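Presented below is the structure to which this report refers.
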């Protein structure tokens, strides 16, 4: 399994794909032509015209807004989504506010999108139990609709890198890898 890191000078030594924010992509791809780069896309609105020219790159979307998440899932150039849940804010009485619902889970399956779990965000979270509960709810929905789920480091430093993430698949009861 190829791992995914956030690009910086510390992660150059680590194996796998390095994610770069869209604004920095041209400079970094020019300075590091041998690196396998992907794009971390954080849209502020539902205008995705910018990413049309990057259709041969791996583009992973992220947002905390449900409308933008739905547009990310519906867009053909987006490979998957990551960091849609947060550890902030109160949960509802009957469900967790994890920014995924059955409609998004079905769309992810129909459009062959991947739900990525950011292991680094779990490590760095101040409220791990709330974040893990929200991730677990998203995993339950993705398992129900047979959506592909992958766990990656998304590390920014060598110290955050974990070689074996297979126990995380067991903890969250992930079926579709």
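Conditions (1) in contact with a strand residue (DSSP E or B) (Cβ under 7 Å, 6 or more places away or on another chain); (2) over 30 Å from residue 9 (Cα atoms); (3) at pLDDT 95 or above; (4) crowded, with 19+ Cβ neighbours inside 10 Å, marked per residue:
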{"position": "102", "(1), (2), (3), (4)": "no, yes, no, no"}
{"position": "116", "(1), (2), (3), (4)": "yes, no, no, yes"}
{"position": "120", "(1), (2), (3), (4)": "yes, no, no, yes"}
{"position": "128", "(1), (2), (3), (4)": "no, no, no, no"}
{"position": "156", "(1), (2), (3), (4)": "yes, no, no, no"}
{"position": "161", "(1), (2), (3), (4)": "yes, no, no, yes"}
{"position": "167", "(1), (2), (3), (4)": "no, no, no, no"}
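Taking the stretch 65-85 as the range and being under 30 Å from residue 9 (Cβ atoms) and either touching a helix residue (DSSP H, G or I) at 6+ places or on another chain (Cβ under 9 Å) or loosely packed, with under 15 Cβ neighbours inside 10 Å (or both) as the test, the residues that pass are 77, 78, 80, 81, 82, 83, 84, 85.
Among residues that are surrounded by 14 or more Cβ atoms within 10 Å (Cβ to Cβ), more than 19 Å from residue 171 (Cα to Cα) and at pLDDT below 90, residue 57 is included. If the condition is being within 24 Å of residue 165 (Cα to Cα) and either surrounded by 13 or more Cβ atoms within 10 Å (Cβ to Cβ) or at pLDDT 85 or above (or both), then the stretch 13-35 contributes 14, 16, 17, 18, 19, 20, 35. Inclusion of residue 174 among residues that are surrounded by 13 or more Cβ atoms within 10 Å (Cβ to Cβ) and either modelled with pLDDT under 85 or not in a helix (DSSP H, G or I) (or both) is warranted. For the stretch 149-165, the count of residues that are outside any loop (DSSP other than H, G, I, E, B) and farther than 30 Å from residue 50 by Cβ is at least one. Would you say residue 143 is out of contact with any helix residue (DSSP H, G or I) (no Cβ under 8 Å at 6 or more places or on another chain), assigned to a helix (DSSP H, G or I) and at pLDDT 90 or above? Considered against the rule, which asks whether it is out of contact with any helix residue (DSSP H, G or I) (no Cβ under 8 Å at 6 or more places or on another chain), assigned to a helix (DSSP H, G or I) and at pLDDT 90 or above, residue 143 comes out as yes.
The values are calculated or read from the model by the stated rules, or taken from the named source; none is laboratory data. Everything numeric in this text was worked out from a predicted model, so none of it was measured. Every residue, glycine among them, receives a Cβ derived from its backbone with ideal geometry; neighbour counts consider all protein chains shown.
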